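Data first, discussion second: the structure below is written as structure tokens.
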Amino acid sequence: MFTFFDVETPNRKNDRICSIGVIKVAPGGEVINRSSFLVNPEVSFDDFNIRLTGVCPADVKNSPSFDELWEDC
């Protein structure tokens, strides 16, 4: 089985995420599961990243931090 991750960052520092997508694929190529989550990065957003990702502070305001999300997964 393979697991693919895609993350979006809120600013140029690239040390926090504001969105994560996870896809699990069987060896034959069948997609087993797709999940995506908004994450409160607890840091400021750059205008560039908002335009690039489409994720803004209002979108993640009530979302869990990465640590909280990780505990639930």
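The values are calculated or read from the model by the stated rules, or taken from the named source; none is laboratory data. Bear in mind the structure is a predicted one, so any value in this text is a computation, not a measurement. When we count neighbours, we look across all protein chains shown, and the Cβ atoms used for this are built from the backbone with ideal geometry, even at glycine. The accessibility values were calculated without ligands, DNA or RNA, using every heavy atom of the protein model including side chains. Shrake-Rupley method; radii C 1.70, N 1.55, O 1.52, S 1.80 Å.
Order 16, 51 by their accessible area, 1.4 angstrom probe, all chains in place, largest first.
Numbers: 16 100, 51 175 Å².
My answer, sorted largest first, is 51, 16.
Which of 62, 11, 33 ends up with the largest GNM mean-square fluctuation for the chain, with Cα atoms connected below 10 Å?
33
If you consider only alpha-carbon coordinates, what radius of gyration and Dmax does the chain have, in Å?
13.5, 41
Roughly how many Å² is the accessible area per residue of segment 8-73, as a whole number, for a 1.4 Å probe? Each step should come with its number before you reach the end.
Details: 4620 Å² over 66 residues.
About 70 Å² of surface per residue is accessible.
Given H placed 1.01 Å from N in the peptide plane, which residues other than close sequence neighbours of residue 19 have an amide H under 5 Å from its amide H?
For residue 19, whose amide H was placed from the backbone, the distant partners under 5 Å are 8, 39.
Summarise the accessible area of segment 15-73 (1.4 Å probe, protein heavy atoms) by the percent that is carbon and sulfur.
Working: 2010 of 4090 Å².
Answer for segment 15-73: carbon and sulfur cover 49 percent of the accessible area.
In segment 1-40, how does Rg compare with the Kirkwood Rh, expressed as the Rg/Rh ratio over alpha carbon atoms? The partial results should precede the final answer.
On the way: Rg = 12.3 Å, Rh = 11.1 Å.
Taking Rh as the inverse mean 1/r over Cα pairs, Rg/Rh reads 1.12.
What does the charge count around residue 51 come to, taking other residues whose C-beta lies under 14 Å from its C-beta (Lys +1, Arg +1, Asp -1, Glu -1)? Intermediate results must be reported in sequence, preceding the final value.
Values: positive: 12; negative: 8, 46, 47, 59.
Around residue 51, the surrounding residues sum to -3.
Return a whole-number percent for the relative contact order of the chain, with Cα pairs under 8 Å and 6 or more residues apart as the contact set. Provide the component values of the computation, followed by the final result.
On the way: 124 pairs, mean separation 20.5, N = 73.
The value is 28 percent.
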